[in-house]
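So the structure is just underneath, and the comments pick up after that.
The values are calculated or read from the model by the stated rules, or taken from the named source; none is laboratory data. These numbers come from a predicted model, not from an experiment. Heads up, the Cβs are rebuilt from the backbone with ideal geometry, glycines too, and the neighbour counts pull from every protein chain shown. Note: accessible area is taken over every heavy atom of the protein model, side chains too, but ligands, DNA and RNA are not part of it. Shrake-Rupley method; radii C 1.70, N 1.55, O 1.52, S 1.80 Å.
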Amino acid sequence: MVNEPGPVKLPYGLTVEQLRACEDLHANIAPSLMAMLRSDFNLSRADGEDIVQVAFEKILPRWAELDPARAAGYVRQTAKNLARDLFRRRQREERANRNWLDNNRVRSTSPDLDPPVAAALDRAIAALDPKQCATLAHQLDGREDAEIAALLSIAPATVRSNRRKAIPNVRRTLVKELEKDGE
């Protein structure tokens, strides 16, 4: 005897019509919403896609309560708020990374460093992705973002992105290298 599949349980108690309305809204506004987020907040395509997806995920539990005529506005505003949060978080990270660089503007050849620390710093920087390594090396030499961008033939935003990714990696690797040297 073959078991008949049970009824499909839809999320958040939504009806099939409500779920289709949500999917239709996504299909209609997602491309323009991603384009707006990319231009207004200087986001990558992937970040724009992620933010739109999360905006719909946040709205979906309340979909049954929303006025269908205003649902697009709710999604747009939620997406803008999420993009603004991401933009601000990245600005805070950028300030923290700049402060770290300003306070730690040393090279492995600096006389202030002990030889084991200098060697560990060299290994930590060398372990980076080549783009991050080049960006950080130029930054530690005292160059500004625009100059680094020109030297590496990349956009200044890419310089900031490479630095934002490189510094936490250097910190982690440096700690591991110093712990390994201390054993």
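Which entry in [x] 49, 35, 24; [y] 74, 48, 25; [z] 58, 48, 35 matches Cα extents along the principal axes in Å derived from the coordinates of this structure?
[y]
Can you give me the distance in nm between label points at Glu65 and Ser32, each placed 7 Å from the Cα along the Cα-to-Cβ direction?
Placing both labels 7 Å along Cα→Cβ, they lie 2.7 nm apart.
Stretched out fully, how many nm does the piece from Arg172 to Glu147 gain, at 0.36 nm a residue minus the Cα gap?
6.3 nm is the gain from fully extending Arg172 to Glu147.
Tell me, what is the FRET efficiency for Asp114 and Arg88 to the nearest 0.05, using R0 = 35 angstrom and their Cβ-Cβ distance as r?
The computed FRET efficiency comes out at 0.40.
For the chain, set up a Gaussian network in which alpha carbons nearer than 10 Å are linked by springs, and say which option among Asp40, Asp145, Asp67 fluctuates the most.
Asp67
Answer rounded, prolate or oblate for segment 6-45, using the Cα gyration tensor with square roots of eigenvalues a ≥ b ≥ c: rounded when a/c is under 1.5, else prolate when a/b is larger than b/c, else oblate. If you can, show how the numbers build up before the last one.
Numbers: a/c = 4.48, a/b = 3.04, b/c = 1.47.
Judged from the Cα gyration tensor, segment 6-45 comes out prolate (a/c at least 1.5, a/b above b/c).
Taking Cα pairs under 8 Å and at least six residues apart, what relative contact order does the chain come out at, in percent? Before the final figure, lay out each step's value.
Values: 118 pairs, mean separation 30.8, N = 183.
Worked out over the chain, it gives 17 percent.
Rank these by accessible area, largest first, 1.4 Å probe: Tyr74, Tyr12.
Heavy-atom accessible area, descending, gives Tyr12, Tyr74.
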